[in-house]
Amino acid sequence: MPHPALRPHRRAARARPSGTAVGGDEDFDGWVAGRSAAELTEPFPFVVGTDGVLRLTPRRSEHVACAGGDMVLSAGEISFMREADRWTVSEVSNQSTGYCPDVTSWPAVAHALDDAELGRPSGFTHAVVFRRCPDCQEHNIVREDDFVCVFCGSNLPETWNADPAV
């Protein structure tokens, strides 16, 4: 069952167009051609669907909308740069408060970027550690290895538990 906090977002997400599936360099070339130079200076929301396909959406879109309200293998923010004769990923994170993906979701991202024929780093360039508080159920971003809930002061688990399906 989805996490209760995601239900309203999912309903709203289904009313909006989902992200563009990028399964190869031609898909990416078509998507990036629709972006302005100003847009390309900022990161874009992305998701990797349960089908392993990268989906991209214009800036200031929600991750849940990008995924069409569906579950994902990973989600975050991604930036691109033109390098020689191809596009590469200059920065990529798992920063998505809609899905709170674990840092261990990197292999799904790497595989989707490889399938899209985009050059990529060897891991998240900015990894965000998410935990759900077992006491108040709020989602937290853990900073400086301080596993304490910012909402109620309870200890947060060391292992990822922010799965919205739980």
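The values are calculated or read from the model by the stated rules, or taken from the named source; none is laboratory data. What you see is a predicted model, and the numbers here were worked out from it, not measured in a lab. Because the Cβ atoms are built from the backbone with ideal geometry, glycine has one as well, and the counts that use them run over all protein chains shown. Areas reflect the complete protein model, heavy atoms only, side chains present, ligands, DNA and RNA absent. Shrake-Rupley method; radii C 1.70, N 1.55, O 1.52, S 1.80 Å.
Scanning region 76-89 turns up at least one residue that is closer than 22 Å to G119 by Cβ, surrounded by 23 or more Cβ atoms within 10 Å (Cβ to Cβ) and in contact with a helix residue (DSSP H, G or I) (Cβ under 8 Å, 6 or more places away or on another chain). Look at (1) of a type in the set (S, T, N, Q); (2) farther than 26 Å from E158 by Cα; (3) in contact with a Gly (Cβ under 8 Å, 6 or more places away or on another chain) and you find that N94 fails only one, number (2). Of all residue pairs spaced 6 or more apart or on separate chains, those with beta-carbon atoms under 8 Å, a first member in region 143-155 that is within 20 Å of Q95 (Cβ to Cβ) and a second member that is open to solvent by 90 Å² or more (accessible area, probe 1.4 Å) are F147/N155; F147/E158; C149/D135; C149/N155. Looking across region 56-75, just one residue is more than 14 Å from F46 (Cβ to Cβ) and open to solvent by less than 20 Å² (accessible area, probe 1.4 Å), and that is G69. Within region 118-153, which residues are open to solvent by less than 80 Å² (accessible area, probe 1.4 Å) and hydroxyl-bearing (S, T, Y)? Selection gives T125 alone.
Residue count for region 138-164 satisfying the condition of being outside any loop (DSSP other than H, G, I, E, B) and aliphatic (A, V, I, L, M): 3.
In region 23-115, counting only strands (runs of 3 or more DSSP E) that sit wholly within it, the ones holding 1 or more residues that are over 20 Å from D163 (Cβ atoms) and among the charged types (D, E, K, R) span 72-83, 86-92.
Would you mind stating whether S96 is open to solvent by less than 20 Å² (accessible area, probe 1.4 Å) and under 21 Å from P43 (Cβ atoms)? When the stated conditions are applied, S96 passes them. Residue count for region 37-55, restricted to those that are within 15 Å of A21 (Cα to Cα) and open to solvent by 60 Å² or more (accessible area, probe 1.4 Å): 2. The residue that is nearest to G30 (Cα to Cα), counting only those in region 107-117 that are charged (D, E, K, R) and surrounded by 14 or more Cβ atoms within 10 Å (Cβ to Cβ), is E117.
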